[in-house]
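Beneath this line is the structure, given in structure tokens, with notes to follow.
The values are calculated or read from the model by the stated rules, or taken from the named source; none is laboratory data. Everything quoted here is computed from the prediction, not taken from an experiment. With ideal geometry, Cβ positions are generated from the backbone for all residues, glycine too; neighbour counts draw on all protein chains shown. Areas reflect the complete protein model, heavy atoms only, side chains present, ligands, DNA and RNA absent. Shrake-Rupley method; radii C 1.70, N 1.55, O 1.52, S 1.80 Å.
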Amino acid sequence: TGGTSFIVTNLWSQWKGPIDEEKLSYVDRDLFYDKEYAEGFYKMADYHLENAYMFDYSKDGTNRDVVNDLIKQFLYKGYSVDLSFYTKGYDESTNAAYTYYDHCLSNHSVTIVGWDDNYTADNFDDNTGAWLVKNSWGSNFGDAGYFHLAYADTTHGSFAVYDLGENTNYATNYQYDSFMPTQAMAAD
């Protein structure tokens with residue numbers, strides 16, 4: 001029901017997740033409505049977060065090439081990259097997405113697993129290049145669960161890479177900070 005890479009990093013650094021989907025399905029909404037059920041997952045972690053790398057485009061977009069190169073470096077090293085964006089401009093005939101908004105909040109998170117600098121699609125408005133993205137909506141969506149997301153999509157934001165280790169790598173988590181809820185605020 002929403003979240004950010006900052007919230008994920010905070011929770012995982014406390015060994016509150018991640019857990020395998022076999023234990024808690026993506027579509028299992030009981031976690032949000034049944035307190036006792038949710039408490040069963042409270043300190044469960046199948047992996048331990050060892051490092052989190054979070055980065056974003058600057059507001060004026062002048063660092064897009066630098067950020068895109070950083071993403072490719074992580075992918076080349078075998079990492080996947082979490083990405084938030086606004087799902088609007090998806091074309092089922094090409095399994096590709098491109099949305100252009102000047103000011104827009106993200107409403108979906110996906111995982112970048114590859115790229116193609118020469119990828120073109122009609123709905124990209126003659127822009128080339130796209131991320132190969134794994135979606136969370138199952139294998140019936142897109143091309144067996146994957147689609148291309150244009151580099152030029154203006155709604156990209158909140159990139160994150162999570163470096164995970166085995167849940168047996170440390171016996172104790174010495175942590176002072178606990179989760180602090182965050183909220184977005186706007187003023188006219």
Checklist entry - For Rg/Rh (Cα atoms, Kirkwood Rh), the listed values are [x] 1.34; [y] 1.27; [z] 0.98; which was obtained by calculation from the structure presented? => result [z]
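How much length is gained on full extension from GLU22 to VAL67, taking 0.36 nm per residue of separation minus their Cα-Cα distance?
Numbers: separation 45, 0.36 × 45 = 16.20 nm, distance 3.34 nm.
Answer, rounded to one decimal: 12.9 nm.
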Checklist outcome for this item: Checking LEU75, LEU105, LEU149 against a Gaussian network model of the chain (alpha-carbon springs below 10 Å), the top fluctuating residue turns out to be LEU105
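Can you work out the accessible area per residue across the chain, with the rest of the protein chains kept in place, probe 1.4 Å, in square angstrom? Don't skip to the end; give the middle numbers.
Working: 12310 Å² over 188 residues.
That works out to 65 Å² for each residue.
Can you give the helix-only mean residue ellipticity at 222 nm for the chain, where every DSSP H stretch with n ≥ 4 adds -39500 (n - 2.57) and the sum goes over all residues, rounded to the nearest 500 deg cm²/dmol? Present the calculation step by step, with values, prior to reporting the outcome.
Working: 4 runs with 31 residues, N = 188.
That calculation yields -4500 deg cm²/dmol at 222 nm.
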Checklist entry - How far is helix 64-76 tilted off the main Cα axis of the chain, in degrees rounded to 10, range 0 to 90? => result 60 degrees
Checklist entry - With labels modelled as points extended 7 Å from the Cα through the Cβ direction, what inter-label distance (nm, one decimal) is found for ALA171 paired with SER80? => result 3.4 nm
Item to check | Spin-label proximity, ASN127 to region 70-85 - amide N less than 18 Å from point 7 Å beyond Cα toward beta carbon | outcome: 70-72, 83-85
Item to check | Loop GluC sites (Glu not before Pro), region 26-129, which have at most 14 other Cβ atoms in a 10 Å radius of their Cβ (DSSP) | outcome: GLU92
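Within the set LYS23/LYS88; LYS59/LYS88; LYS88/LYS134; LYS16/LYS134; LYS77/LYS134, which residue pairs have Cα atoms separated by over 26 Å? Could you put the intermediate results ahead of the total?
Values: LYS23/LYS88 31 Å; LYS59/LYS88 21 Å; LYS88/LYS134 16 Å; LYS16/LYS134 24 Å; LYS77/LYS134 18 Å.
Where the Cα-Cα span goes over 26 Å, the pairs concerned are LYS23/LYS88.
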Next on the checklist: Among 156-169, 14-27, how do they line up by average Cβ neighbours within 10 Å per residue, starting with the highest?
Outcome noted: 156-169, 14-27
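For region 1-115, what % of the accessible area comes from carbon and sulfur atoms, probe 1.4 Å?
On the way: 3790 of 7490 Å².
Carbon and sulfur atoms account for 51 percent of the accessible area of region 1-115.
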